[in-house]
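Working notes, beginning with the structure itself.
The values are calculated or read from the model by the stated rules, or taken from the named source; none is laboratory data. The shown structure was predicted, so the numbers you read here are calculated from the model rather than taken from an experiment. Glycine gets a Cβ as well: all are built from the backbone with ideal geometry, and neighbour counts include every protein chain shown. SASA here: full protein model, heavy atoms, side chains in, ligands and nucleic acids out. Shrake-Rupley method; radii C 1.70, N 1.55, O 1.52, S 1.80 Å.
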Amino acid sequence: MAGKIKLPMGIENFKEMRIGGFYYVDKTGLIKTLLENPGKVSLFTRPRRFGKTLNMSMLRYFFETGSDVMPFNNVTPFDNVTPFNNVTPFDNGALFDGLEISREKELCKEYMGKFPVISITLKGATGANYGEAKEMLRHIIGNEAMRFQFLMQSDRLTEMERSRYEALISIDKRGAYTMSDELLKSSLQTLSQLLQKHYGQGVIMLIDEYDVPLDKAYQSGYYDAMVELVRVLFGNAFKTNDCLKFAVLTGCLRISKESIFTGLNNFRVYTVKDVRYKEYFGFTDAEVRQMLEYYGFSEQYGAVREWYDGYLFGSLGIYCPWDVVNYCSDLRDGNVTEPQNYWVNTSSNDIVRKFINRADAATRDDIEVLVNGGSIRKKIRQELTYRDLDSTTDNLWSILFTTGYLTQDGHDDRGLTGLVIPNREIQWIFEEQIQEWFETETRNDFPKLESFCRAFEQNDTDTIEKEFTSYLRKAISIRDTSVRKQMKENFYHGILLGLFAGMRGWKARSNAESGDGYSDISVKVEDKEIGIVIELKYAENAAFDSACEEALKQIYDNNYEEALIDDGMTTIYRYGIACYKRRCRVISG
C-alpha cells in the first residue's frame, strides 16, 4: 500500500482534497451539465452522505473570483484583501487540471474564476428554540459576509452601500453578529447586490443542506416561525434579486414549493427519480471497481456491492460513497475484513423506528416483504411540507424513500413506485430497529410476558404454545422466506431469546456449550433450581410434530442438560419447539 494516494476520510472541501493529494472520484462533469441546462435556481435532493457538500465546494472553486483566486478581468485586487482561509492566491485552473471539466476549454475560459460566489451551508442553522436558530443563521451568513471585507474599502460602492455591508458583519462584545431581523431576511440579497456592484458581474449562490433548519424547527416546535423566515430569506435572494446569476441548493427533502419557494417560477428540482445528473452524486459501479482495483481490494467487490450498492438514481445504480471510502480505509488499516455498517453511525434512524411504531398489520406485512428481499408498490410524494411528514403512513413511505432507506424498483401505470431496501447495510438497520421495537412492545405488557416465561418453569406446553404464537403473529418476520433453513431458525431463536431477556431472575444463554454440543437456549432459574433447555427447529411444510421430535432427540443425544445439572439445577425441563411462519408447536420430554 506504500505510495498509494490517501483516502479522503471526512473531507468535504474540494480545494483541500485536491491540494492535499487525496483520492478524488471525478464529478466535475456536473459543471458542464449544469451550464448546459440553465435554470435560475436548481435544487438537488439526495440522501445524506452522497457527496452533496463536496460537489457544492467544487462548484464554488470553479466559478469563484475574488480574494483567493487570480484577479477578475485583470483588475488588481485591493491591497488590503485578506485571502480566504489565509491561503496564498492561486489560479482556479490548477485545482481542475486533469479532471473531466478541464477538457472543456471554451467553457472553462468563459466561466472559470469569473463570478463572485456566496456559499453557505445551513446544516448548523438549528437550535432548541427559534431565537437560538435565528442566532445561528446570523452567524452562518455573517461569517460568509466576512470573507468579503474588501467591500469596506471598495471605491465601486457608495458610502451608504459600504455601511450596509458593515451592518452585515457588525458584532457585539460577545462576538455575535448584530444584524437586525429585517436585515437578516434580506442579508443574502444585500450581499449579492454589493458583490455584483463591486465586480460588475452576477452572483452565483450556493446553499447546502437548505432543509435542515426546517427539519430541526419541526422537531423542536418552532416550525411556523422558521418557515416564514426562510420563505422571506429565499424569496429576497432568488425571486426579487436582479443581481443573481444563478443559484444551486442541495438537501434531503424536496420541500413543497408553496411552503418556502412561493412565486419562484424558474425553479428546477432534480430528485433521485430524475435521469439528468444521475451519476454526479454517489459512486457508479465503474468508479467503485476502479477504486478497489487501485487499492488492491478487487476481491472485495462482491461484498462492497452487496452492502453499499443498490440505490437507483434515475436509471443508474449508485453506491453510497461514504461507506465505500470508509470500508476501503478500514481495509487499508487492517481494522476489518468484512463490511461494516457505517451509515448507522452518521444518520439518525429515528424515521425507521417511528415508522415501525406506527405500522398497522398491513404495513407490518409490507415491512416483512421488504426485509425479506421483496418489493412493494406505493405512491411516493416527492414534494411535502414538514407538517405532512407524520400525517399518514403513506407519507412516511415517501420519507423513507427520499432519505435513502428505500430505493426505487420500477413504476406501474397507476403512478405507483416499486420500493426495495437498497442493500445489506440498510437491511441491517431495519432488522435492528425491528428487534428493538419488538422487545419494547413485549416489555410494555410485563404481566403477559411473565405469564409466558412462568409457563416454562411449570412445564405448561399449552400456554407456551399459545403465547409464543401470539407473539409471532405480532412480530415482523425477518428472513422467513426464500432463505436457508438455519437462517429461519435463527429468526425464531432471536425472538424467543429477546422475550427471555425481560424476565427478572432468569439467566438465559444462547448457543451455550453443554454436553456434546451447543444448545440453542439454556435458562437457569437459580432461586428455584430449575434448568430449562430449548431446541428450536423450522418445521418445513408445517411438519410440526416431526420437527419437535427431532429437536427433543437432539437435546437427549447431546446431553444438553449436563451443564445445568453441574450448576446445581435439580429440576430440568426440555422443550422441542417447531415454528413455521407465524405458528409454533411445543412438546416437552
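Taking R0 as 60 Å, what FRET efficiency do you get between R504 and N37 from their Cβ-Cβ distance, rounded to the nearest 0.05? If you can, show how the numbers build up before the last one.
Values: r = 64 Å, r/R0 = 1.07.
Step by step, r from the Cβ atoms, then E = 0.40.
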Starting from the alpha-carbon convex hull of the range 215-357, give the projected area averaged over all orientations, in nm². 12.1
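Keeping every protein chain present and rolling a 1.4 Å probe, give me the accessible area per residue for the chain in Å².
Numbers: 25230 Å² over 589 residues.
Normalised by residue count, the accessible surface of the chain is 43 Å².
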Could you check the spin-label model distance between R174 and E540? Points 7 Å from the Cα along Cα→Cβ, value in nm. 7.1
Heavy-atom accessible area of the chain with neighbours in place, 1.4 angstrom probe: carbon+sulfur share in percent works out to 45
Find the all-direction average of the projected area of the Cα convex hull for the range 247-329, expressing the result in square nanometres with one decimal place. 6.7
Per residue Cα convex hull volume in Å³ - calculated over the range 322-459: 169
What lysines does K134 reach when the alpha-carbon gap must be under 20 Å and sequence neighbours fewer than 8 apart in one chain are set aside? K123, K173, K185, K216
Nearest-5 percent of antiparallel DSSP beta bridges in the chain? 45
Among F452, L95, G263 the positive-end extreme of the charge dipole of the chain (Cβ point charges): G263
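To the nearest 20 debye, what is the magnitude of the charge dipole of the range 162-299 about its Cα centre, counting +1 on the Cβ of each Lys and Arg and -1 on the Cβ of each Asp and Glu? Don't jump to the answer; show the numbers that get you there.
Values: 17 positive and 18 negative charges, 119 e Å.
So the dipole magnitude of the range 162-299 works out to roughly 580 debye.
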Helix 424-444 sits off the longest principal axis of the Cα atoms of the chain, rounded to the nearest 10 on a 0 to 90 degree scale, by 60
Quote the relative contact order of the chain in percent (integer), defining contacts as alpha-carbon pairs under 8 Å separated by 6+ residues. 11
How about the range 487-589: which trypsin sites (Lys or Arg not before Pro) there lie in a loop by DSSP and see at most 16 other Cβ atoms within 10 Å? R504, K581, R582
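I need the calculated FRET efficiency for the pair E299 and F22, taking r as the beta carbon distance and R₀ as 35 Å, to the nearest 0.05.
Values: r = 24 Å, r/R0 = 0.68.
The calculated FRET efficiency here is 0.90.
Can you tell me the alpha carbon radius of gyration of the range 99-201 divided by the globular rule-of-thumb value 2.2 N^0.38 Å? Intermediate values should be presented prior to the final figure.
Numbers: Rg = 16.3 Å, N = 103, 2.2 N^0.38 = 12.8 Å.
Scaled against compact globular proteins, the figure is 1.28.
Using only the Cα atoms, what convex hull volume per residue in Å³ does the range 367-443 have? Mind showing how you got there, number by number?
Working: hull volume 8.0 nm³, N = 77.
About 104 Å³ per residue, rounded to a whole number.
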Expected output is a single nm value to one decimal: the length gained when fully extending between S375 and L316, i.e. 0.36 nm times separation in residues minus the C-alpha distance. What is it? 19.4 nm
Between K466 and E306, how high is the FRET efficiency from 1/(1 + (r/R0)^6) when r is the Cβ-Cβ distance and R₀ = 30 Å? Nearest 0.05. 0.15
What are the principal axis extents of the Cα atoms in the range 520-589, in Å, biggest first? 40, 23, 16
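Averaging over all projection directions, find the projected area of the Cα convex hull of the range 286-354 and quote it in nm² with one decimal place. Kindly include the intermediate steps, with their values, before the conclusion.
Details: hull surface 21.7 nm².
Averaged projected hull area, Cα only: 5.4 nm².
How big is the charge dipole of the chain about its Cα centre, in debye rounded to the nearest 20, if each Lys and Arg gets +1 on its Cβ and each Asp and Glu gets -1 on its Cβ? Could the numbers behind the result be given before it?
Numbers: 73 positive and 86 negative charges, 421 e Å.
Dipole magnitude for the chain comes out near 2020 debye.
Full-extension gain between D394 and R583, please, as 0.36 nm times their residue separation minus the C-alpha to C-alpha distance.
Numbers: separation 189, 0.36 × 189 = 68.04 nm, distance 2.96 nm.
The span from D394 to R583 would gain 65.1 nm if fully extended.
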Report, in whole Å, the centroid distance computed from the Cα atoms of the range 146-197 and the range 257-292. 33
Give the Rg/Rh ratio for the chain, taking Rg as the radius of gyration of the Cα atoms and Rh as the Kirkwood radius, to two decimals. 1.08
